[in-house]
Amino acid sequence: MVMPRQAREKTLYGIYHIQQRGSGQRPLFQGWEDRKKWLSILKKARDKFQFRLYAFCASHNDEYHLVINLQGADLSSIMKSINISYAMYVNYSGKLFRDRYISRQISEREDLLSLMADIHRRSQGRRQKPDPYNSFCCYRGAEEALLLPVDMQDIRLDCSQNIISTSSSSLNECNKCITTLYEARNRLKEIASVNEGSLEELFKDKEKRNHLIHQFRRSTTLSLKQLGDLFGGLSESSVSKILNR
């Protein structure tokens with residue numbers, strides 16, 4: 001009897017290590033042009049879903065690694081966007097990826113530090129110049145990092161000792177953030193009352209509304225769907241477009 005595949009546990013606010021392997025039929029990356037295209041796809045996904053990118057590695061020919069903070073985004077949607085876009089670019093008639101991606105939530109600071117150190121070691125010794133397809137170049141401040149800068153608000157690197165540190169000991173909490181739609185609605189009503197207006201009037205002023213959507217994205221753990229509900233029933237795609245402006 002074939003057991004049904006267990007659904008992935010979804011957490012909208014957390015840090016994840018993702019590993020995607022190739023099928024072995026064709027190298028996932030046949031050269032630097034493939035890697036450069038993959039980085040551009042990764043950048044578009046980050047712009048669309050507004051997750052934070054802490055580390056990446058595409059140094060190996062047949063796998064890639066990511067460390068991301070979801071920031072309310074859906075991990076499955078992120079990975080589907082990246083892998084489908086890359087598969088369309090490669091246009092390989094066979095199987096490109098080996099099964100689904102592997103994901104693991106990182107809940108301890110020490111685990112994150114160890115993981116990122118391991119990812120950054122993967123490119124050492126492979127090239128004389130800094131590897132632009134490994135995020136270690138970003139933390140070193142190398143010119144190659146311009147291909148895709150990482151989000152270093154929460155993480156910094158002591159280059160002299162090759163030690164990564166985090167600015168917060170809590171990895172999966174949004175400190176002082178609004179965590180429920182109920183709290184967010186109350187906060188939005190307070191903002192409207194200060195401006196001596198109603199929520200309906202606030203929503204009609206698209207410039208103010210869009211500014212508030214950006215604010216609530218940064219100060220809450222709400223998903224794109226919840227943000228859409230909060231601001232008058234906007235779709236997830238509409239919220240995503242507003243956040244990308």
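Nothing in this text is a laboratory measurement; each read-out follows from the coordinates by a stated rule. Treat the numbers as computed from the prediction; the structure is a model and nothing was measured. So basically every Cβ, Gly included, is an ideal-geometry build from the backbone, and we count neighbours across all protein chains shown.
Using the Cβ-Cβ distance between residue 102 and residue 201 with R0 set to 41 Å, the FRET efficiency works out to roughly 0.30.
Straightening the chain between residue 87 and residue 121 buys 9.5 nm, computed as 0.36 nm per residue apart minus the Cα-Cα spacing.
Ordering 59, 193 from the fewest to the most neighbouring beta carbons within 10 Å gives 193, 59. Only Cα pairs under 8 Å and 6+ residues apart enter the sum, and on that basis the relative contact order of the stretch 181-244 stands at 29 percent. Placing pseudo-labels 7 Å out from each Cα toward the beta carbon at residue 180 and residue 225 gives an inter-label distance of 1.9 nm. Karplus-derived 3J(HN,Hα) values for the stretch 52-62, using 6.51 cos²θ - 1.76 cosθ + 1.60 with θ = phi - 60°, are 9, 9, 9, 7, 8, 8, 10, 6, 7, 6, 10 Hz; glycine and proline are entered as x.
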